[in-house]
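Written out below as structure tokens is the structure these notes cover.
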Amino acid sequence: MVRRIFLLISLAYILVIAGLATLRGELLALVVPVVLYLLVGLARAPETIQLQIRRSLGSERAAIDSPVRVTLAVSNTGPALEEVFLEDILPAGLQVRGGSNHHLLSLASGRTFSWSYDIQGPRGYYAFTEVKVEASDLFGLLHRKKSFPVHGQLFVLPPVMRIQRVAIRPRRTNVYSGTIPAHLGGPGVEFFGVRDYAPGDPPGWINWNISARHPENLYSNEFEQERVADVGIVLDGRLRANTLRAGHSLFEYSVQAAAALADAFLTQGNRVGMLLYGHYLHWTFPGYGKIQRERILQSLARAEPGESLVFADLAHIPTQFFPAHSQIVLVSPLVPADYDVLLQLRARGYQVMVISPDPVRFELAYLPKLPESALAGRIVRMERAMLLNKLRHAGLQVLDWDVARPFDQVGLAGLGRPAAWIRAIRR
Amino acid sequence: MIIIAETICILAGMLPLAAGYFQFDLPLVAIGCLVIGLLWLLSQWRRLDWAASLGMLIFTGASALGVWVGLSPFLLAISVLGSLLAWDLADFSRRLRRAAPEDNLRLLEKQHLMRLAGVGGLSLALTLAALIVRLQISFGWLLLLAIVAILGLLQLVKRLRQSV
């Protein structure tokens, strides 16, 4: 913009010098419009920009691609601004769906200008930082720019699919009653054993068959206590494990699974913590209930896959975060080197469940249908099947998830508690 | 509204020059002015923003040349004023492109055109006065005016530096 002023000044001086050099007054007369234009423009140039800007978001949390209304109110507390350009700087990733995040207007002193627009975006955490203001005179000769810090935040949360029940059996449970079988006799639903009758036992508990066989005594049925447990969800964000194809990342499916599992465990009353394991560690401290659900969802909204030399393999999972003999749920596409680490976790007494989005099927879906890719796919699939079988034989609960199917469907079949007669056969 | 005003201003910059050069039996220069004017018009419809600065410089240069040739200074003054206003309007329409669809652009356009009309009218009046009124000034006054001009320039540069 300063270029325009220098262009006019140069032009004016050239004409003046030419007029003086050739002694032609007409040339000097031609300078008059240029000089007058400059003077009027510069005289009305804005001295300062004094604004008060407020931003409010319709909601600080939203679902993916659902619109959120942003409202801005700009009050001019300084001198009048003849031409002012206001732009609400959007965090990268967000898109304007309705309205506009910028406006060009004339703002008189003491006036307030308000406007709203709608935004949407993919899963993520978005921090609003500033509103940029550019004011100029009506001729656009002199521009003043200023950034006003106006902070705000928006969490676009991952979708939470409802899984009715996830069957886990950690070795240690907490004191509160819940839904996890606690390997302890007492009040419950599932048959656990038989013991001597104790005064106060309800008559319905008395095992009449055994009592008839041993008439000298009465025997009562004992049920397995059900309690809540500590569950640690580990979300694998390593780039080497999470395939990226045609702009689609397998990590998004892992996030969906982690959200669904966290929701299911918290709904069952368990204490749930979450560790994001990627180019850094992000630990959400364990907790109960809806607030913890919100914390985990916000943590998942921020989660990004990344690469780090330190966390290239799972060996650096900080096990001190997880109480001894608790349940660990690893959501990871897995790489062959993870086998040893998972085995170590199991050996330390953790009950380990692995939810593994299938990277082979995911990647093959985006590859051209060539015999070579089909053959390569078969080989890699066999390797993966061997790895998963080895993990199952080591006592880990493994769910191989074809991401073409929704996680709630897969979870219902693979994670739910088997029917009583199936459990009886297994015993 | 702006595109009409801009077209009128470009024509105001082009036609007096072409007419003047035709009168002085310089048809090639006149045709050159017409061609440049038409290209300027075309460039505005194609939104080539740089063309306005070039057009204004060429028309002002042609006007200065016209003084030397001896064309009517009234025609030249109109040409310079027209090209200056067309250059301003080209930049204004460029700035308007940043506006949102729901902005009240008619108000901005109206304010701008009114200010421009005021400046244009005053410029024309002052230029005509400068062409008609002839003053003999002494060397001392001339020196004083030159000093004022230099000081004004320095002040302007200082202010621009502050703003940048």
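Quick check: net charge around residue A:334, other residues with Cβ under 9 Å of its Cβ, Lys/Arg +1 and Asp/Glu -1? Don't jump to the answer; show the numbers that get you there.
Working: positive: A:384; negative: A:236, A:338.
Cβ neighbours under 9 Å give a net charge of -1.
Mind checking which lysines have their C-alpha under 29 Å from residue B:110, skipping anything on the same chain fewer than 8 residues away?
A:132, A:145, A:146
Can you compute the helix-only [θ] at 222 nm over the protein assembly as shown? Use -39500 (n - 2.57) per DSSP H run of at least 4 residues, normalise by all residues, nearest 500 deg cm²/dmol.
Helix-only estimate at 222 nm: -15500 deg cm²/dmol.
I'd like the accessible area for residue A:65, computed on protein heavy atoms only with a 1.4 Å probe and all protein chains in place. Round to 10 Å², please.
90 Å²
Specify the residue with the greatest mean-square fluctuation among A:255, A:231, A:194, computed from a Gaussian network of chain A linking alpha-carbon atoms under 10 Å apart.
Among A:255, A:231, A:194, the largest mean-square fluctuation in the Gaussian network model of chain A belongs to A:194.
Which shape class, rounded, prolate or oblate, goes with the range A:2-43 when its Cα gyration tensor gives a ≥ b ≥ c as root eigenvalues, a/c under 1.5 marks rounded, and past that a/b bigger than b/c marks prolate?
Oblate, since a/c reaches 1.5 and b/c is not below a/b.
Top mean-square fluctuation among A:138, A:276, A:388, Gaussian network model of chain A, C-alpha springs under 10 Å?
Among A:138, A:276, A:388, the largest GNM mean-square fluctuation belongs to A:138.
Once ligands and nucleic acids are excluded and a 1.4 Å probe is used, how much of residue A:143 is accessible, expressed in Å² to the nearest 10?
30 Å²
Which of B:150, B:137, B:31 moves the most in a Gaussian network model of chain B with Cα springs under 10 Å?
B:150
Sequence neighbours fewer than 8 away in the same chain don't count; with that in mind, list the aspartates and glutamates whose C-alpha is under 12 Å from residue A:290.
Cα-Cα hits under 12 Å: A:263.
Quick one: net charge of residue A:80's neighbours, Cβ under 12 Å, K/R +1, D/E -1?
Values: positive: A:44, A:111; negative: A:47, A:82, A:83, A:137.
Summing Lys/Arg as +1 and Asp/Glu as -1 gives -2.
Does the range A:246-295 come out rounded, prolate or oblate by the C-alpha gyration tensor, with a ≥ b ≥ c the root eigenvalues, rounded set by a/c under 1.5 and, if not, prolate when a/b is larger than b/c and oblate if not?
Judged from the Cα gyration tensor, the range A:246-295 comes out oblate (a/c at least 1.5, b/c at or above a/b).
Within the set of other residues whose C-beta is less than 13 Å from the C-beta of residue A:387, count the net charge using Lys and Arg as +1 and Asp and Glu as -1.
-1
Report the calculated FRET efficiency for residue A:116 and residue A:194 (r = Cβ-Cβ distance, R0 = 51 Å), to the nearest 0.05.
According to the calculation, E is roughly 0.15.
Which of the trypsin sites (Lys or Arg not before Pro) found in the range A:112-185 are in a DSSP loop and have at most 11 neighbouring Cβ atoms, other than their own, within 10 Å?
The qualifying sites are A:162.
The values are calculated or read from the model by the stated rules, or taken from the named source; none is laboratory data. This one's a predicted model, so the numbers in the text were calculated from it and none came from an experiment. Because the Cβ atoms are built from the backbone with ideal geometry, glycine has one as well, and the counts that use them run over all protein chains shown. Each accessible area value is taken on the protein alone, full model and side chains, heavy atoms only, with ligands, DNA and RNA left out. Shrake-Rupley method; radii C 1.70, N 1.55, O 1.52, S 1.80 Å.
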